[in-house]
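Q: Below: one structure in structure tokens.
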Amino acid sequence: MALKADALLLLCGVALGLPAAAAAADGERYDPNARIATDPYHYDMAEVLRARGQFVAEPVQQPDLSQLDSLPLSARQSASQAPGVLPEGWVQIGEVVQRREVAEGRKQIDPEPLPAWEDIEGNQYPRKGTVFLNFNGGELRAGDDNSAENKSTLAKHDHKYPVFNGSEATALTLIQAVEQDLETLGVRVLYKSRPSKTVPYTMAMVGGSWTDTNIGDPAGGVAPGTDCEDRDQRNVVYAFDSSSATISQEVAHAWGLDHTLGSDRIMSYQAGNNKHFGDNCQALCEEQCQGPGTIGCRLVHEKYCGVGSEQQNDLAELNKIFGTPEPDTEPPTVNIAAPEGDMIELEVGSDVNVKADIHDNYGGVGWKLTVTKDGEVIHDLVDYEKRGGWVFSNLPAGTYTVVLEAEDHANHVVQDKLTILVKSADAEPTESGSADDSGSADDSGSSDDTGGADDSGTTLPEDPTGKDGCECHSSNQGAGGALGLPLLGLWWLHRARRRRTA
């Protein structure tokens with residue numbers, strides 16, 4: 001296989017003296033996928049109303065495998081594409097895509113995330129997981145991975161990814177094999193329906209060609225590397241050949257596994273039958289596969305196989321992330337912790353701070369906030385950054401209904417609801433408890449797959465999809481702990497503490 005010039009320089013550079021990943025020159029460790037937001041989302045509601053619909057997501061497009069037998073071959077293939085160009089800071093070494101600083105041995109991924117990161121609800125281990133196998137293609141956008149929004153580090157921007165070039169029967173055979181590969185883990189495999197945007201999941205694009213991505217050299221499949229222990233949770237990967245082992249390998253790359261040796265191993269390049277994830281410490285394939293010093297999650301592998309072992313235990317790492325496949329029978333609990341009460345009244349131009357209190361017995365839970373004004377949905381965004389706080393300022397007059405909704409990987413959907421009455425200063429006060437609830441959302445627990453938000457630019461003071469969010473963490477590690485912020489500038493008629501599940 002031909003390697004790009006920068007990949008050759010990396011390989012030669014390591015041989016000429018670049019430090020290996022296990023011994024970065026300054027000893028610095030980092031983790032770009034374990035982000036901790038520090039501020040709430042901020043919205044000027046007058047601006048939101050002027051941007052009608054900009055903060056309301058389109059419905060999730062659902063898959064249809066029957067198209068695989070009805071579409072002509074010409075409709076499944078994209079036009080011939082030129083080799084792509086990876087985003088700044090990423091490099092391809094053979095069939096591996098990595099962050100440049102890791103591939104060059106200048107940095108290494110921290111084997112342990114910060115305790116404050118794991119305290120954020122949804123990040124805990126073990127967590128339940130979901131893999132969505134996408135055989136129907138779709139339009140992808142370039143950017144940091146977000147499977148719910150069709151955003152991918154490896155995507156050609158606004159490129160329509162082609163439909164799988166095979167029959168429905170072939171697709172079902174691949175699906176069954178991937179299910180068998182993952183059957184010992186707490187991971188569900190979906191293909192008939194796409195998950196809502198609320199719950200985190202890994203999406204595998206099955207079919208197409210390497211030229212349908214932005215990599216520059218041929219590959220059987222590709223995934224963004226160095227997301228050790230699946231700290232990101234919303235990756236997009238690609239499998240170009242019709243091999244279930246390729247699909248499972250690329251998914252596992254997104255969860256932090258590197259290449260190993262062994263013809264019976266999913267994580268190996270070597271040909272073989274009946275491949276599986278190994279349950280022992282197996283030799284890593286580094287110099288033979290991609291070049292010295294380029295194992296992205298080396299320090300994590302050493303936790304299970306020993307310092308300097310140069311080995312990886314596939315199932316030990318995957319079991320740490322996802323546990324075992326026992327059913328999840330306990331729904332999350334969700335509460336709008338601030339402001340307290342089912343209804344509050346404010347004057348025109350006031351600000352209100354909404355704070356989430358969410359718990360689940362497993363990691364992997366996700367949540368979104370929906371706001372309606374006088375019955376019209378004006379805000380429907382997934383909290384992808386897990387900030388847990390929203391400041392709505394400069395409120396115009398009207399009746400607002402705020403619905404906080406959480407969802408886990410067992411299709412449990414729970415909600416809590418708050419009504420906000422905003423009136424001018426000279427308006428007659430409303431009797432306590434008699435709020436007009438005409439704009440409220442149904443809190444029966446039904447799932448709405450309209451999910452997350454279009455993250456296009458706005459005129460808001462702060463980008464709601466930026467990294468400057470609230471510091472959200474629980475008082476202890478695991479499923480407990482509130483997500484919260486101080487209460488800002490509001491008053492209310494009554495307080496009624498409540499917690500709802502459905």
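What follows is calculated from the coordinates using simple rules that are stated; it is not laboratory data. As the structure is a computational prediction, the values presented were derived from the model and not from experiment. Neighbour counts run over all protein chains shown; Cβ positions are idealised from the backbone, glycine included.
Q: For Cα pairs less than 8 Å apart in space and 6+ apart in sequence, what is the mean separation divided by the residue count of segment 319-385, i.e. the relative contact order in percent?
A: Value for segment 319-385: 26 percent.
Q: Modelled label-to-label distance, ASP64 and GLU112, 7 Å Cα→beta-carbon offset: nm?
A: With each label placed 7 Å out from Cα toward Cβ, I get 5.2 nm.
Q: What GluC sites (Glu not before Pro) in segment 181-283 are in a loop by DSSP, with at most 16 other Cβ atoms within 10 Å of the Cβ? Let's see the in-between values first.
A: Working: sites: GLU183, GLU229, GLU250; in loops: GLU183.
Within segment 181-283, the qualifying GluC sites (Glu not before Pro) (loop, at most 16 other Cβ atoms within 10 Å) are GLU183.
Q: Over segment 192-300, one equal point on each Cα, no solvent: what is log10 I(q)/I(0) by the Debye formula at q = 0.11, 0.15, 0.18 Å⁻¹?
A: -0.35, -0.67, -0.96
Q: Mind checking the full-extension length gain between ARG50 and LEU71? Use 0.36 nm per residue of separation minus the Cα-Cα distance, one decimal, nm. Present the calculation step by step, with values, prior to reporting the outcome.
A: Working: separation 21, 0.36 × 21 = 7.56 nm, distance 4.18 nm.
3.4 nm is the gain from fully extending ARG50 to LEU71.
Q: Mind checking Rg over Rh on segment 81-231, alpha carbons, Kirkwood formula for Rh? Don't jump to the answer; show the numbers that get you there.
A: Working: Rg = 16.4 Å, Rh = 17.0 Å.
Taking Rg over the Kirkwood Rh, I get 0.97.
Q: Moving on to the next point. Which of the residue pairs LYS151/LYS192; LYS197/LYS303; LYS192/LYS303 have a Cα-Cα distance greater than 27 Å in the structure shown? Let's see the in-between values first.
A: Details: LYS151/LYS192 21 Å; LYS197/LYS303 33 Å; LYS192/LYS303 37 Å.
Where the Cα-Cα span goes over 27 Å, the pairs concerned are LYS197/LYS303; LYS192/LYS303.
Q: Same structure, new question: Using the basic label-point model (7 angstrom from Cα toward the beta carbon), what is the ALA177 to ALA397 distance in nanometres?
A: 6.6 nm
Q: Sequence gap at least 6, Cα distance under 8 Å: using those rules, report the relative contact order of segment 89-152 to the nearest whole percent. The partial results should precede the final answer.
A: Numbers: 34 pairs, mean separation 8.5, N = 64.
Taking the mean separation of contacting Cα pairs over the length of segment 89-152, I get 13 percent.
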